[in-house]
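Structure record follows, encoded as C-alpha cells.
The values are calculated or read from the model by the stated rules, or taken from the named source; none is laboratory data. Quick caveat: nothing in here was measured; it's all calculated off a predicted structure. Because the Cβ atoms are built from the backbone with ideal geometry, glycine has one as well, and the counts that use them run over all protein chains shown. To get the accessible areas, we keep the full protein, side chains included, count just its heavy atoms, and leave off ligands, DNA and RNA. Shrake-Rupley method; radii C 1.70, N 1.55, O 1.52, S 1.80 Å.
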Amino acid sequence: MNPVDFYLSDPWLNPFRKIIESRIKKCRAKESELSGDGELKDFAIGHFYYGLHRDGDGWVFREYAPNAEKIFLTGVFSGWKEKSAYRMSRINRDGDWEIRLPSGALNHGDLYKLSVHWKGGRGERIPSYATRLVQDDITKIFSAQVWCPEKEYKWKIRDFRPAPTAPVIYEAHVGMATPYEKVGSFREFTENVLPVIVRSGYNTIQLMAIQEHPFYGSFGYHVSNFFAVSSRFGTPEDLKELIDTAHESGIRVIMDLVHSHSVKNVAEGLGLFDGSPGLYFHTGPRRHHVAWDSLCFDYGKDHVLHFLLSNCRYWLEEYRFDGFRFDGVTSMIYYDHGLEKNFTRYDEYFDGGQDEDALVYLYLANKTIHQFKPEAITVAEEMSGMPGLAAPCREKGYGFDYRLSMGVPDYWIKLVKDTPDENWDMGQLIHELSQRRPEEKIISYCESHDQALVGDKTLIFRMIDAEMYTGMSKSYHSLTLDRGIALHKMIRLITFCASGGGYLNFMGNEFGHPEWIDFPREDNNWSYKYARRLWHLAMNEDLKYSFLMKFDNAMLKLHREFRILDERSVNRIYDNNHDKIVAFTRGEFLMVFNFHPNKSFTDYGIPVKGKFRIVLDTDDPEFGGFDRLKRNVSYTSIRKTQRQTLDQPFHLYLYLPSRTGLVLRIEPTKRATDI
C-alpha cells in the first residue's frame with residue numbers, strides 16, 4: 001500500500017503545502033548527505049569512536065574539540081596534574097584529539113577529567129561522551145569515572161519484542177520511588193516498585209532523570225552529560241537489570257530524553273567545552289533559553305546532529321531502552337519556544353517563526369531510532385499541535401509515533417480550579433479529550449509530574465485539600481471527600497477511554513498521593529520529605545487510597561484484557577449539558593458518564609442499539625462507590641415510544657447515579673445455530 005501524504009487529510013493545510021514539501025525536502029536532503037549509501041543508524045555511531053574505550057591490550061580516548069590548542073587527560077593516575085604522558089594529540093583538521101595508553105595506565109573506578117587549553121584560557125572539563133560520572137560527597141564536584149567491571153552484565157532477555165499494542169505508561173522518577181527520605185536506587189525500584197507496576201497492568205515504564213544532571217532538583221531536565229547514567233541512582237549494571245527485569249514481565253521501558261536544551265554549568269557541561277561558546281550551542285540571543293535558564297542546541301551543525309543521533313542509538317543499544325519520550329519539542333521547533341502562544345491559527349505553524357533545523361533533527365532522530373530498533377516508540381512532548389509531527393516519515397511527517405496530549409491535563413486543572421461542577425460543559429469536555437489531528441496518535445493523561453510540583457496542586461489535592469491529611473480513613477465521610485474521590489475516578493476513566501492512542505500516569509497520582517513534590521534545596525534545608533512516594537498508603541485497606549489504587553488497576557484491565565485503546569475511533573453519540581451526561585462508544589464498548597453533582601436519573605435513554613453488560617463502574621463499593629447499580633444483568637436497547645414504529649431509534653435505558661461513570665461491553669447476538 002502506497003503511503004499517503006499526511007496533509008491530504010486536512011484541507012486547512014492546502015495553503016501551506018509548498019512549505020510542508022520544502023521542509024520535508026530539506027529533511028531528506030540532510031538524511032542523504034549524512035547517511036550516504038547507508039542508513040542513518042550507521043551514521044549515529046559517535047559513541048564507538050569518541051570517549052574512552054578498550055583497544056586491544058590498551059586504551060584509546062578521543063575527543064572533539066576544534067578550538068582547543070592542548071588537551072591533557074588528568075586524574076588519580078596523574079595526581080590530577082598535566083603530564084606529558086597523558087597529553088593528547090590532534091589527529092585531523094576537523095578537531096579530533098586522541099591518546100593511546102597501555103593497559104595498566106587506567107583502572108576500573110579511576111576518576112578523570114580533561115584539562116583543555118585554548119587561546120587565552122583553559123579549564124577542566126568532563127569528556128563529552130563520558131558514560132559514567134560520580135559526585136564527591138564533600139566538594140560536590142563531578143568527575144568522569146573509568147567503568148570497566150570484570151564481569152559484563154549478562155542479559156536475560158536478549159531479543160525483547162513488546163506486544164504490539166497501545167502504550168499504557170507509568171511515568172516514574174527512580175530517585176523519588178522510595179518511602180524513605182533519601183534518593184531511591186535502581187535496585188530498590190526493581191525490587192519494590194516494578195512488581196507494583198506489573199500487578200497494576202501498565203505495559204510501559206517511562207523513566208525520568210536518567211541522563212546525568214548536576215542539580216537533583218531539576219527533575220533531570222538540566223542535563224550536563226548526555227551519555228552518562230545518573231550515578232546517584234546506582235551503576236550502569238543496576239539500570240540494565242531494571243530494564244531486563246521489566247522485559248521479563250513483558251513491559252517496555254522508554255526514556256525521558258532531553259535533547260531540547262542543556263545545563264549552563266561550564267565545569268560539567270558542554271557550554272564552553274573548548275573555549276568556544278558555539279561548539280554545540282547557538283551564539284547571540286538564541287543561545288540562552290529565557291524560561292529554562294539553559295543553553296539551546298544549534299541543530300544546523302552536523303557535529304551536533306552526530307552527537308545527538310549517536311545519543312539516541314546509544315541508549316537503545318547499550319541499555320536496550322524501547323524508545324523515548326522527547327522532552328520540550330515545542331521549545332525546540334519555535335524560535336520563541338512557543339511561550340505564551342495559544343496556537344489557534346494554522347499560519348502560526350508556517351509563518352517563519354519555526355526552527356527548521358530543529359524539525360530536520362527530529363525527522364532524523366525518528367528515522368535513526370526506527371531504523372535501529374523498528375519496534376521502538378517515540379513520543380513528542382509537544383503542545384502546539386504542529387501538523388505532521390506525529391505522522392510517519394514515509395507520509396512526509398516527522399516520524400513520532402505519538403504526541404503527548406498536553407492540553408488535557410491543563411484542561412482538567414482549569415476546569416476543577418475555576419468552574420463549579422454544575423457549569424461543566426459536556427460537549428466541550430468530550431471535544432477536549434478526544435480531539436487530535438487526523439494523522440496522529442496521542443497519549444492522554446489527567447495530570448503529570450508538573451501538576452504535583454510545589455506551587456501547584458494535583459487534581460485530588462485541589463478537590464479535597466486539607467482533608468487529604470485528615471479524612472482518608474474509610475470510617476470518615478464528608479461531602480468534600482465524596483466529591484473528590486468520585487471525580488478522581490471519573491476524570492481518569494473518561495480520559496483513559498477517550499484517549500487517541502495511549503495513556504500515561506505519573507507515579508502516585510493513580511492513588512491520589514497526598515503530598516506535593518519538593519526536591520531538596522537550600523530553602524527547605526535540603527529535605528527529602530516531599531521528594532518520595534508512599535505506596536504503603538495505597539496498600540493499607542483502612543485508607544481510601546486503596547479504593548483509588550484498586551480502581552486504577554481495574555481500569556487498566558480494560559486494555560490488558562480487551563485492548564480497548566487499540567481501537568482508535570472514539571464515537572461521540574450523546575451529550576446533554578443540562579443533565580451533565582456524556583456518552584461515546586469505542587469498538588465494542590459504551591461509556592456513559594453522569595457528572596451531575598446531585599441528580600441521578602432513572603431509565604435515561606442513550607441512543608445506541610445492542611445488548612450490554614457493565615464491566616466497570618466508578619460506583620462499585622470495591623472502589624469506594626455507593627453501590628447504586630446492578631452489575632450482573634444485561635441491558636438491552638429498545639424502542640420506547642407511545643407508538644411502536646420501525647423507524648423509531650433504539651435507546652439503551654439505564655439508571656445513571658450522580659457522579660458515576662460506566663463502561664459497558666456489547667454482548668454478541670446469539671445465532672440461530674446457538675439456540
query: Kirkwood-based Rg over Rh for segment 1-126 (C-alpha set), two decimals?
result: 1.24
query: Looking only at Cα atoms, what is the convex hull volume of segment 229-372 per residue, in Å³?
result: 146 Å³
field: Rg and Dmax of segment 571-615, Cα atoms only, in Å
entry: 10.9, 31
- prompt: Using a ≥ b ≥ c from the Cα gyration tensor of segment 137-182 (square roots of the eigenvalues), is it rounded, prolate or oblate, where a/c under 1.5 gives rounded and otherwise the larger of a/b and b/c decides, a/b for prolate?
  reply: oblate
message: From zero outward in steps of 5 Å, how is the percent of C-alpha pairs of segment 548-630 spread across the bins?
response: 3, 12, 21, 24, 23, 15, 3
query: Shape call for segment 490-578 from the C-alpha gyration tensor, a ≥ b ≥ c root eigenvalues: rounded (a/c under 1.5), prolate (a/b greater than b/c) or oblate?
result: prolate
- request: Could you go through segment 247-263 in sequence order and give the Karplus-derived ³J(HN,Hα) for each residue, using 6.51 cos²θ - 1.76 cosθ + 1.60 with θ = phi - 60°, rounded to whole Hz, and x for Gly and Pro?
  value: 4, 4, 8, x, 9, 7, 10, 10, 10, 6, 9, 10, 10, 8, 5, 8, 4
- request: State the percentage of accessible surface on segment 560-654 attributable to carbon and sulfur atoms; use a 1.4 Å probe and exclude ligands, DNA and RNA.
  value: 46 percent
task: Could you provide, to the nearest whole Å², the per residue accessible area of the chain with probe 1.4 Å?
output: 41 Å²
statement: Excluding ligands, DNA and RNA, the carbon-plus-sulfur percentage of the accessible area of segment 105-214 with a 1.4 Å probe reads 48 percent
query: Once a ≥ b ≥ c are taken as the square roots of the eigenvalues of the Cα gyration tensor of segment 416-460, is the result rounded (a/c under 1.5), prolate (a/b larger than b/c) or oblate (a/b not larger than b/c)?
result: oblate
message: Rounded to two decimal places and with Rh computed the Kirkwood way over Cα pairs, what is Rg over Rh for segment 211-273?
response: 1.05
message: I'm a student and want to see the number: the projected area of the Cα convex hull of the chain, averaged over all directions, in nm².
response: 34.6 nm²
query: Can you list the residues, at least 5 places off or on another chain, whose amide H is less than 5 Å from the amide H of Arg132, using H built in the peptide plane?
result: Gln145
message: I want the antiparallel fraction of DSSP beta bridges within the chain, as a percent rounded to 5.
response: 70 percent
message: Take Asp627 and Glu522, extend 7 Å from each Cα along the Cα→Cβ direction, and tell me the distance between the two endpoints in nm.
response: 5.7 nm
field: Isotropically averaged projected area of segment 386-470, using the convex hull of Cα atoms (one quarter of hull area), nm²
entry: 7.0 nm²
- line: Among the Cα-Cα pairs of segment 331-453, the proportion with separation greater than 18 Å, in percent, is 59 percent
- prompt: Tell me, what % of the accessible area of segment 402-528 is carbon and sulfur with a 1.4 angstrom probe?
  reply: 47 percent
task: Any chance you could check the Cα centroid distance between segment 417-458 and segment 112-191 for me, in angstrom?
output: 34 Å
query: Dipole of segment 428-506, Cα-centred, from +1 at each Lys and Arg C-beta and -1 at each Asp and Glu C-beta, to the nearest 20 debye?
result: 220 debye
query: Do the alpha carbons of any pairs in Lys26/Lys441; Lys489/Lys580; Lys151/Lys240; Lys182/Lys264; Lys414/Lys457; Lys30/Lys396 sit beyond 21 Å of each other, and which pairs?
result: Lys26/Lys441; Lys182/Lys264
Distant-in-sequence amide H partners of His259 (H built 1.01 Å from N, under 5 Å): Asp327
- prompt: From the backbone phi of segment 657-665, what are the Karplus-calculated ³J(HN,Hα) couplings (6.51 cos²θ - 1.76 cosθ + 1.60, θ = phi - 60°) in whole Hz, Gly and Pro given as x?
  reply: x, 4, 6, 9, x, 10, 10, 10, 10
- line: Within the under-12-Å Cβ sphere about Tyr604, not counting Tyr604, Lys/Arg +1 and Asp/Glu -1 give a net charge of +1
query: Using alpha carbon coordinates only, what is the Rg to Rh ratio of segment 285-333, with Rh defined as the Kirkwood radius?
result: 1.03
- request: Name the long-range amide H neighbours of His289: under 5 Å, sequence gap of 5 or more, or other chain; modelled H, no Pro or chain starts.
  value: Ser294, Leu295, Cys296
query: How big is the accessible area of Val360 in square angstrom, nearest 10, if you roll a 1.4 angstrom probe over the protein chains?
result: 10 Å²
query: Do any trypsin sites (Lys or Arg not before Pro) in segment 101-205 lie in a DSSP loop with no more than 13 other beta carbon atoms within 10 Å, and if so, which?
result: Lys119, Lys140, Lys151, Lys154, Lys156, Arg158, Lys182
